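All remarks here apply to the structure that follows.
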Amino acid sequence: RKEVEQDPGPFNVPEGATVAFNCTYSNSASQSFFWYRQDCRKEPKLLMSVYSSGNEDGRFTAQLNRASQYISLLIRDSKLSDSATYLCVVNPREPLVFGKGTRLSVIA
Amino acid sequence: DTGVSQNPRHKITKRGQNVTFRCDPISEHNRLYWYRQTLGQGPEFLTYFQNEAQLEKSRLLSDRFSAERPKGSFSTLEIQRTEQGDSAMYLCASSPTLARDTEAFFGQGTRLTVV
């Protein structure tokens, strides 16, 4: 089983839609979790950390389910500018372990 | 620009040639990471440094690959006798401490094409 697994997508959604991505991880000792965003042919950039209690940043909500070993990212009111690849990142130890990413296309 | 800087941005080389990439991390970041990314995949870990010490190398890092960070500042990644399978984006990242506790900042990458 891979350390971090994501549905590669693509997810094609209309503007204004709500979309959710899940990511599962295999190492139950993992302590840190992140979502990174990567635009086409650009470097990954941190979108948000994922805390045990769940956290929200504007239209973005991240949640962690330790019992089932998955994290999720919810995007509300999708914008065209949200089109990107979203990378699930887990840190059971150094260094960061990245998922393959989920591609999102928001369509006008 | 005080971000992570990588050079060159693009490199085309013939199979069998050696190539070297450079990464200048954000100053005072003591952790430096090298990743490789191919199309449709997430970044795959290659190696990382704390200051000048190389702490871990991935199994992906064959003996044709070597990385250094001689003074704990910039780092170089060398690939000897390049193969077509080495074609990828090579990403460097730095962080001020353990990446699990803080954000890792990535450079724009070096895109290698082996022909």
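Any read-out appearing in this document is the output of simple, stated calculations on the displayed coordinates, not a laboratory observation. Keep in mind that what you see is a predicted model, and the values were worked out from it rather than measured. With ideal geometry, Cβ positions are generated from the backbone for all residues, glycine too; neighbour counts draw on all protein chains shown.
Relative contact order, whole percent, for chain B stands at 37, derived from Cα pairs under 8 Å and 6 or more residues apart. Cysteines in chain A lacking any other cysteine Cβ under 4.7 Å from their own Cβ: A:CYS40.
Using a/c under 1.5 as the rounded threshold, could you call region A:61-108 rounded, prolate or oblate? The axes a ≥ b ≥ c are square roots of the C-alpha gyration tensor eigenvalues, and prolate needs a/b larger than b/c, oblate otherwise. Judged from the Cα gyration tensor, region A:61-108 comes out oblate (a/c at least 1.5, b/c at or above a/b). The string of couplings for region B:67-77 from the Karplus curve (6.51, -1.76, 1.60, θ = phi - 60°) is 10, 9, 8, x, 10, x, 10, 6, 10, 10, 10 Hz, one whole number per residue in order, with x for Gly and Pro. Remark: relative contact order (region A:20-108) = 32 percent; criterion is Cα-Cα distance under 8 angstrom and separation of 6 or more residues. Please go through region A:32-73 and write out the trypsin sites (Lys or Arg not before Pro) that DSSP classes as loop and that have at most 14 other C-beta atoms within 10 Å. Answer by residue number: A:ARG41, A:LYS42, A:ARG59, A:ARG66. Each residue of region A:89-98 is assigned a 3J(HN,Hα), and the resulting list reads 10, 10, 10, x, 6, 6, x, 5, 10, 9 Hz, derived from the Karplus form 6.51 cos²θ - 1.76 cosθ + 1.60 (θ = phi - 60°), x at Gly and Pro. Per the Debye formula on identical point scatterers at the alpha carbon atoms of the protein assembly as shown, with no solvent, log10 I(q)/I(0) at q = 0.13 Å⁻¹ is -0.76.
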